[in-house]
Amino acid sequence: MDVGDWVSTPQNWVFLVIALPMLFAGFKVVQTSNVVHAVLYLVGTLGGSAALFILLGAEFVAWTVVLVYIGAVIVLFLFGIMITRAPLGFDVTLSHPVRIRVAAAVVAFVLFALVGGAMLAEFENQTIPEAADATRTVEIGLSIFDRFVIPFEVVSVVLLAALIGGIVLARRDPAEEEEAGVVR
Amino acid sequence: MCQSRAVPLLALAAQTPNLYSPRPGPQAASASHKGFFETVLDQYFGDYITVAAFLGMGALLVAGAVLASAALRPNNPTAVKSQSYECGIDPVGGGWSQTQIRYYIFALLFLIFDVEAVFIFPWAVGLETFSDLGMGVFVLVEMVIFIGILVLGLVYAVRKGVLRWE
């Protein structure tokens, strides 16, 4: 694709408008020394990825990212911070020495090259379908209940296991609590 | 066997009218008597362009109102003015404090049922299509099993006294 084609395709400009703030937010996630700010920048990154999914015609995936990641996972992160790090705010212990930063950058670059290379090798000449043929939520429902019924039911068992595991980990038994002398 | 069955079913679904009814298809979009904006707004991105336009206009409106009032009003800040007004005793210490781990369980429950809700959406959107294809009862039973298994988790939480507020 030459430059003229690139410039005259509006999707490319929308992609830039979404991707550049995402890059900035992603950098700020690791750069800021305030953990709460890091989580808020992560919201920006995830919102950008949802917008990219919409751009690719995958509406359902996009709104799943909004619902599950921005809605619930971020809330879990914030709760985790509120429980473990108090008082909150600026945290100097988050800054690492240069050699660790370099190692982290190398790891990030290798990971990027691996994922990018795998995607290029797999989808090299494929084009995404026109927006009019975008995957509709109904079609996802059809494939869930036609081809993937058993995995669908297994998902509920996995969720049940996560629920019970979370309760067991996060909650102390009342008897134990009394033993430890916790005052309610 | 599964592989061979999925394709005809999807093809059959494409013929049922209500699968594509919420949004006009490519034929409607390319109708020549329509203007440019109607054509663009009929397409996939039309909904999002509308939302973006409303967002932009809303932001402009609020920014304009705030800037205009900032330009017009007199500016005379004093220490007394930035105190909280009729809000009881003045606060002491910082607002950031450690939270009880008890609240974490509620966030966890929310996450689990959020993921469950995500699976309910494609089911709810496709109900009419499913019943047209003659798999209405099957799909209903599947969803009842799915929700039933997760209700077991809720029952476990209630029996363990997690949801009791102390």
Discussion item. Could you compute how much accessible surface B:Trp123 exposes when probed at 1.4 Å, giving the result in Å² to the nearest 10?
Written reply: 40 Å²
Fill in: Residue-level accessible surface for A:Asp146, protein heavy atoms, 1.4 Å, Å²
20 Å²
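Protein chains only, probe 1.4 Å: how do A:Met22, B:Met57 rank by accessible area, largest first? Mind dumping the intermediate values first?
Values: A:Met22 40, B:Met57 125 Å².
Output order, biggest surface exposure first: B:Met57, A:Met22.
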Discussion item. Let me check something: with ligands and nucleic acids excluded, how do B:Val141, B:Val92 order by accessible area (1.4 Å probe), largest to smallest?
Written reply: B:Val92, B:Val141
Discussion item. Under a crude label model (7 Å from the Cα following the beta-carbon direction), how far is A:Val157 from B:Val62 in nanometres?
Written reply: 4.7 nm
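Quick one: grab the alpha carbon gyration tensor of the range A:18-68, order the square roots of its eigenvalues as a ≥ b ≥ c, and give me rounded if a/c is under 1.5, else prolate or oblate depending on whether a/b is larger than b/c. If you can, show how the numbers build up before the last one.
Numbers: a/c = 4.89, a/b = 1.91, b/c = 2.56.
Verdict is oblate for the range A:18-68.
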Discussion item. Keeping all protein chains in place and using 1.4 angstrom, which order do B:Arg159, A:Arg101 fall into by accessible surface area, from largest down?
Written reply: B:Arg159, A:Arg101
Discussion item. Not counting ligands, DNA or RNA, and with a 1.4 Å probe, what is B:Phe130's accessible surface area in Å² rounded to the nearest 10?
Written reply: 0 Å²
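The values are calculated or read from the model by the stated rules, or taken from the named source; none is laboratory data. A quick note: this is a predicted structure, and the numbers were derived from the prediction, not measured. Glycine gets a Cβ as well: all are built from the backbone with ideal geometry, and neighbour counts include every protein chain shown. SASA here: full protein model, heavy atoms, side chains in, ligands and nucleic acids out. Shrake-Rupley method; radii C 1.70, N 1.55, O 1.52, S 1.80 Å.
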